[in-house]
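The values are calculated or read from the model by the stated rules, or taken from the named source; none is laboratory data. Please read all numbers here as calculations on a predicted model, not as lab measurements. Methodologically, a virtual Cβ is constructed for each residue, glycine included, from the backbone with ideal geometry; neighbour enumeration extends over all protein chains shown. Heads up: the accessible areas ignore ligands, DNA and RNA and are worked out on the full protein's heavy atoms, side chains in. Shrake-Rupley method; radii C 1.70, N 1.55, O 1.52, S 1.80 Å.
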Amino acid sequence: TDTMGNTTRNTDEKRKAYKKAKKQRRKLRQAEVKESNNTRTEDPSTSKKKWRRVTAEDGAKKAVDRPLEAGYGVDAINDLLKRRSIAKAEKNYGVSDEITKTLVRLQIVYDDERWEWHTRAWKHPKGM
């Protein structure tokens, strides 16, 4: 009986140690997720990154150096992209989508990860 009691006690101790280690691992994972969420949701309005126009010379193969539509200069496009980034960070997808529609209408192509944008050759919609 003594052997059985020791075996049960050892099993219980191992189970407790396993549960304790599992709890510590879960806390570490939760802390890592929380930290990665904090770095991912960096506020674009306070970010030092700025949107910039790139050309074919910068490596944007499909970029066409063409004039922008009247009323939309480089600064205006940069401002639209910054407002879109802020809206997305605040999960205000309605505003973000409206800005995206404007950019699509202007045939502006952008890369959120690189903070770069360029123009493409004008393509007229079908039926015009």
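Based on what the data block shows, is Ile99 β-branched (Val, Ile, Thr), crowded, with 16+ Cβ neighbours inside 10 Å and modelled with pLDDT under 95? Here the answer is no, as Ile99 does not meet what is asked.
Within region 73-95, does at least one residue satisfy the condition of being modelled with pLDDT of 80 or more, among the aromatic types (Phe, Trp, Tyr) and under 18 Å from the mean Cα position of the chain (by Cα)?
Looking only at region 73-95, we keep the residues that are modelled with pLDDT of 80 or more, and these are 73-95.
If we keep only those that are among the aromatic types (Phe, Trp, Tyr) too, we end up with 93.
Keeping just the survivors that are under 18 Å from the mean Cα position of the chain (by Cα) gives 93.
Looking for residues that are modelled with pLDDT of 80 or more, among the aromatic types (Phe, Trp, Tyr) and under 18 Å from the mean Cα position of the chain (by Cα), one finds at least one in region 73-95, hence yes.
Could you grab me the full set of residues in region 74-118 that are part of a strand (DSSP E or B) and touching a residue at least 60 places away in the same chain (Cβ under 8 Å)?
At the first step, the residues of region 74-118 found to be part of a strand (DSSP E or B) are 108-111, 116-118.
Listed by number, the residues that qualify are Glu116, Trp117, His118.
Of the set (1) at pLDDT 90 or above; (2) open to solvent by less than 40 Å² (accessible area, probe 1.4 Å); (3) in a loop (DSSP other than H, G, I, E, B), all apply to Ala60 but (1).
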